[in-house]
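The values are calculated or read from the model by the stated rules, or taken from the named source; none is laboratory data. In this text the structure is predicted, and so the values were computed from the model without any measurement. Quick reminder, even Gly has a Cβ in these numbers, built from the backbone with ideal geometry, and neighbours come from all protein chains shown. For the accessible areas, the whole protein counts, side chains as well, though only heavy atoms, and no ligand, DNA or RNA atoms are used. Shrake-Rupley method; radii C 1.70, N 1.55, O 1.52, S 1.80 Å.
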Amino acid sequence: LQRRERVRAAMLHAWTSYEKFAWGEDELQPLTKNGVNSFGGLGATIIDAMDTLYIMGLHTQFQKARTFVAGLNFNINYEVNLFETTVRILGGLISTYDLTKDDIFLTKARQLADRLLPAFNTETGIPYGRVNLASGEARNPVGASVLAELGTLQVEFIALSQRTGLQKYRIKVETAMRTIQKIFPKDGLLPVYIDPHTLQRYDKVTFGGTGDSFYEYLLKTWVLGGKTQAVQGYRQMWERSMDGLMTLIKKKAPYYYVFERNSNGDLFPKMEELACFIPAMLVLGSYDASAQKKNQYLWLAQQLTTTCYNFFYSSPIRIAADTYIYNGKEMTIQDPKNIMRPETLESIFYMWRLTNNKAYREWGWNIFLAYEKYSRVENGYVGHVDVITGKKDNKMQSYFLAETLKYLFLLYSSSDNFLFNQWVFNTEAHPIKIIPR
């Protein structure tokens, strides 16, 4: 209870700092005491944090957020990132609707989704990565669509169709997925760039950035649909991808790592902290696996959670770096920044739920204390440019409130909250009610 209250107090500190210096803007810059708009000025922190406020019982703050959402107008001449807008803002609106049954959130979700739909207007149905909310013009900055972005839309758009009865949202994302199914490789591992016109695939295979949540959503779309026959194809694709994942696992004593695969097929000895979502995914996937695969998934989940916690524990300030690389002797820091990502805490939360092993609660607490000591500033929380020197950055990421603090709060809450057979967390930690397809 004391730990939960400490996390709640951290949320209040983050929220009130944002409220004071950046209200209505996307994210707070705590050191310069101003806001910055990374997502079109839609108040991303407000919408991302709403369900956390509600879950933590911060009702006064939640009501102020609701008033802001009620006045939102999405008709703005701004080119948004389809993926980020879907998981943070659309996902946040749907989740808050599921928690409160307040129709304003579903109405706003529909208004936003309608402005995102033009991104899917390609010959193959694979969406562009950017879309202008006012004009509907869509494009890809680099020519191709990004795997993690085109494959991390299904949970939100299908959930919206289920709640509104309008099938256009589901049809768009499932058309894209049917196209992917046709080109899905035997090992289930896709390169991170796919041309939406020619379906040419190129570049590396990774469970880090640009690849990660594609695999997560294969599983979670199946979970969202109630694991029925209608969504069985997603599970089958996911299991193939997990067979592929096993070929990327390497042991560098005493830890196991997830490496990347170059376009020439060789393994590249790099692992991002982003890939620390994998244990949580494996725990969720283990519930309906065969006995052999269940043991395999849970063994790997345990090993990788230990690896990811060590990223934090071995750091000079007990906060993980962003990227690690093997130098021939050991894994060393490649990119020393930390932007308060939630993935390791997410996996610690899932491992706690699975095992009730108190060690996971201790690990989570140690990470929280490190953030309190090194990331908490007078007006919010900041990441680090360098975890070796301790040099801070000037950004409080919206997902710090949406994910990092939520997973910590749930780690010290009753295990009856958000049962995995009733709710599925989107990749931004927004809990969405499971509705069988």
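Surrounded by fewer than 16 Cβ atoms within 10 Å (Cβ to Cβ) and in a helix (DSSP H, G or I), is that true of Lys329? Spelling it out, it is not the case that Lys329 is surrounded by fewer than 16 Cβ atoms within 10 Å (Cβ to Cβ) and in a helix (DSSP H, G or I). Taken over region 337-364, the criterion of being buried (at least 18 other Cβ atoms within 10 Å of the Cβ) and not in a helix (DSSP H, G or I) is satisfied by Asn338, Met340, Arg341, Pro342. Here Lys250, Lys294 are screened, and the one residue that is outside any loop (DSSP other than H, G, I, E, B), among the charged types (D, E, K, R) and free of Cβ contacts under 8 Å to residues at least 12 places away in the same chain is Lys294. The set of residues in region 346-398 being farther than 25 Å from Thr45 by Cα and of a type in the set (Ser, Thr, Tyr) consists of Thr355, Tyr360, Thr389. Condition first: more than 19 Å from Phe409 (Cβ to Cβ) and at pLDDT below 95. Can you find one or more residues in region 24-38 that meet it? Checking region 24-38: at least one residue is more than 19 Å from Phe409 (Cβ to Cβ) and at pLDDT below 95.
Conditions (1) under 16 Å from Ala14 (Cβ atoms); (2) touching a Gly at 6+ places or on another chain (Cβ under 9 Å); (3) modelled with pLDDT of 95 or more, marked per residue:
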| position | (1), (2), (3) |
| --- | --- |
| Thr323 | no, yes, yes |
| Asp335 | no, no, yes |
| Glu346 | no, no, yes |
| Lys358 | no, no, yes |
| Arg361 | no, no, yes |
| Tyr381 | yes, no, yes |
| Asp386 | no, no, yes |
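Annotation note: of Ala301, Ala291, the sole residue that is among the hydrophobic types (A, V, I, L, M, F, W, C) and surrounded by fewer than 22 Cβ atoms within 10 Å (Cβ to Cβ) is Ala291.
Keeping to region 6-53, report how many residues are in contact with a His (Cβ under 8 Å, 6 or more places away or on another chain) and free of Cβ contacts under 8 Å to residues at least 40 places away in the same chain. Total satisfying the criteria: 0.
Taking only region 18-46 into account, find how many residues are of a type in the set (Ser, Thr, Tyr) and open to solvent by 10 Å² or more (accessible area, probe 1.4 Å). Counting residues in region 18-46 that are of a type in the set (Ser, Thr, Tyr) and open to solvent by 10 Å² or more (accessible area, probe 1.4 Å) gives 2.
Restricted to region 256-282, and to residues there that are assigned to a loop (DSSP other than H, G, I, E, B) and within 14 Å of Gly211 (Cα to Cα), the residue that is least open to solvent (accessible area, probe 1.4 Å) is Phe259.
In region 15-44, the qualifying residues are those that are hydroxyl-bearing (Ser, Thr, Tyr) and in a loop (DSSP other than H, G, I, E, B), and the one that is nearest to Val87 (Cα to Cα) is Ser38.
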